[in-house]
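This report concerns only the one structure given below.
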Amino acid sequence: RLISLIEDIIKLSQLDEETVLDEKEKIDVLAAAEEVARRLKTKADEEQVTISVSGSSVCIMGVGYILDEIIYNLCDNAIKYNKKGGSVSVWVGATLKGKKVIVSDTGIGIPKDQQERIFERFYRVDKGRSRKQGGTGLGLSIVRRVVTLCGGRVTVFSRPGNGSTFTVTLPAEE
């Protein structure tokens, strides 16, 4: 767990220096989401959660491992904070407002008054549950920082007991 914490702090430090966005390449966002879902399938199965990916192939100019980090953190949380028999769905596509990745779950949800705070470093809604689930408390902070550096934004809509939907919107230009 300490190694994960150190790795996440290093990632945030690199993001703060803004040096990680130098080597951009063309990335298929749908393919990246499918790969993340494949890697998380065993974990999802263990938690009795289904994970699915849909949408259309959309390409962006970006850094592969950074896009992976965004999708992985959102999906990993969606599995962790879900219910037995729940689901996680990832949708990728282009809209008039930009290219989007939407991760929705049927999990425990987040109270309205804490939705903005979840992007703060080390903030956890349910400290007891989070300790048991593992993690560093930096995942969503990394997501917001990366998305912001890419010129995009991340939003959340959630209701306790009814799951959460995280929407990442990236600029439409390539």
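The values are calculated or read from the model by the stated rules, or taken from the named source; none is laboratory data. Owing to the predicted nature of the structure, the values given are computational and were not obtained by experimental measurement. With ideal geometry, Cβ positions are generated from the backbone for all residues, glycine too; neighbour counts draw on all protein chains shown. Ligands, DNA and RNA are excluded from the accessible area calculation, which covers all protein heavy atoms including side chains. Shrake-Rupley method; radii C 1.70, N 1.55, O 1.52, S 1.80 Å.
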Give me the accessible area of LYS24, 1.4 Å probe, in Å² rounded to the nearest 10. 120 Å²
Excluding CYS75 itself, what net charge comes from residues whose Cβ is under 13 Å from its Cβ, given Lys and Arg +1 and Asp and Glu -1? -2
At a probe size of 1.4 Å, how large is the accessible area of TYR65, to the nearest 10 Å²? 130 Å²
For the peptides 46-54, 144-152, what is the packing order when you average, over each peptide's residues, the other Cβ atoms within 10 Å and list the highest mean first? 144-152, 46-54
Evaluated at 20 °C with a viscosity of 1.002 mPa s, what Stokes-Einstein diffusion coefficient in µm²/s does the stretch 22-110 have when Rh comes from the Kirkwood expression over alpha-carbon pairs? 161 µm²/s
Probe 1.4 Å, accessible area per residue of the stretch 44-84, Å²: 43 Å²
